[in-house]
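Here the structure is laid out as structure tokens; the discussion comes afterwards.
The values are calculated or read from the model by the stated rules, or taken from the named source; none is laboratory data. Just so you know, these numbers come straight off a predicted model, no measurement behind them. Using ideal geometry, Cβ is built from the backbone for each residue, glycine included, and neighbour counts are taken over all protein chains shown.
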Amino acid sequence: MILAFSIGDTCEALGTGPFVAQAAKASLPEGVIPAVLFVISGFIAFSTGTSWGTFAIMIPIAVPMINIIGLHPGLVIASVLGGGVFGDHCSPISDTTIISSMASATDHIDHVRTQIPYALAAGAASLLLFLLFGFLLG
């Protein structure tokens, strides 16, 4: 968690958010950006096992996109938060996943395997909705 906040602070100090926003503006259609933020946030959260750490990394990058590209603020923040929670829920190294398997007295990997199909279905629906609303509101 401390490292994630440090990375977030470093990204903010280096101007990573405005840099990424300019790069995204030049290379991606506006409507795709919320879905891309969802996928990136999900990947980071899955890899690190923390949604809050993902928020600390991605919010300083996503917020400048709102102003520079002109994206809908609620949609951008929702895509980062949703991706972070999605990735954290799917991650086998997440503290909540570990505690859930311990509390239910099940094998940890079995618990992960039973949760993944539901999480992927919700994640796929979310991704489609972020694409749809990205083009409608963008």
Only unsatisfied item for residue 109, checking (1) closer than 21 Å to residue 23 by Cα; (2) over 11 Å from the mean Cα position of the chain (by Cα), is (1)
In the stretch 85-138, anything more than 25 Å from residue 57 (Cα to Cα), polar (S, T, N, Q) and in a loop (DSSP other than H, G, I, E, B) is listed as 104, 106
Subset of the stretch 1-19, residues within 17 Å of residue 66 (Cα to Cα) and either in contact with a Phe, Trp or Tyr (Cβ under 7 Å, 6 or more places away or on another chain) or surrounded by fewer than 18 Cβ atoms within 10 Å (Cβ to Cβ) (or both), comes to 12, 15, 16, 18, 19
Residue 53 vs (1) assigned to a helix (DSSP H, G or I); (2) surrounded by fewer than 21 Cβ atoms within 10 Å (Cβ to Cβ): all pass except (2)
Residue 93 passes all but one of the listed conditions (1) surrounded by 16 or more Cβ atoms within 10 Å (Cβ to Cβ); (2) under 16 Å from residue 48 (Cβ atoms); the exception is number (1)
Flag for residue 66 being farther than 16 Å from residue 126 by Cα, in a helix (DSSP H, G or I) and out of contact with any strand residue (DSSP E or B) (no Cβ under 7 Å at 6 or more places or on another chain): yes
Here the residues within the stretch 34-68 that are out of contact with any helix residue (DSSP H, G or I) (no Cβ under 6 Å at 6 or more places or on another chain) and closer than 22 Å to residue 136 by Cα are 36, 39, 40, 63, 67
Going through (1) aromatic (Phe, Trp, Tyr); (2) more than 26 Å from residue 13 (Cα to Cα); (3) surrounded by 14 or more Cβ atoms within 10 Å (Cβ to Cβ); (4) free of Cβ contacts under 8 Å to residues at least 60 places away in the same chain one by one, residue 118 fails only at (3)
Scanning the stretch 20-39 for residues that are surrounded by 21 or more Cβ atoms within 10 Å (Cβ to Cβ) and either aromatic (Phe, Trp, Tyr) or modelled with pLDDT of 90 or more (or both) gives 33, 34, 35, 37, 38
Open item on the list: For the stretch 67-89, check the following and say yes or no: at least one residue is surrounded by 13 or more Cβ atoms within 10 Å (Cβ to Cβ), at pLDDT 90 or above, over 29 Å from residue 21 (Cα atoms) and within 17 Å of the chain's Cα centre (by Cα).
Closed with: no
